[in-house]
Amino acid sequence: MLEDRPARPLDQRELRVLDEISAATLRDDPGLVHRLHGVEGNTHPPAAQTGTPLAWPLVLGVMTVAVLYALVIVALPPVLALAVVLGVQLVLVPAGCLYWARRRGEL
């Protein structure tokens with residue numbers, strides 16, 4: 001595995017290739033550095049939001065909906081339960097995710 005080997009320093013040819021890639025990227029998309037906050041040491045904005053604590057009302061709301069969903073599935077006949085699960089998982093969940101992302105400006 002690659003993780004088992006210690007990293008080796010790059011040779012001159014590899015460094016030259018990386019510099020060429022960097023120069024071509026900057027030439028083709030000069031705004032990339034600004035959009036990614038590409039100053040060394042700055043974290044990319046989505047990565048900076050990783051680990052943001054969730055609000056308790058949101059957590060409780062999601063858990064309540066999950067428990068109600070499970071109770072409805074248990075109460076349905078098996079054939080109908082399968083249809084509901086597939087419909088929710090293949091239609092409602094993706095549509096909800098897309099709506100949420102669009103509303104937050106991430107899409």
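The values are calculated or read from the model by the stated rules, or taken from the named source; none is laboratory data. From a predicted model like this one, the values you see are computed outputs, not experimental measurements. We place every Cβ from the backbone using ideal geometry, glycine too, and count neighbours over all the protein chains shown. Surface areas here come from the heavy atoms of the whole protein model, side chains and all, with no ligands, DNA or RNA. Shrake-Rupley method; radii C 1.70, N 1.55, O 1.52, S 1.80 Å.
For L92 and I21, what is the calculated FRET efficiency with R₀ set at 41 Å and r taken between the beta-carbons, to the nearest 0.05? Write down the numbers at each step before the final one.
Working: r = 42 Å, r/R0 = 1.03.
My answer for the efficiency is 0.45.
Please work out the Kirkwood hydrodynamic radius for the range 62-107, using every pair of different C-alpha atoms, and report it in angstroms with one decimal place.
Here the Kirkwood hydrodynamic radius works out to 11.8 Å.
Suppose accessible area is computed on protein heavy atoms with a 1.4 Å probe; arrange W56, W100 from highest to lowest.
Largest accessible area first, the list is W56, W100.
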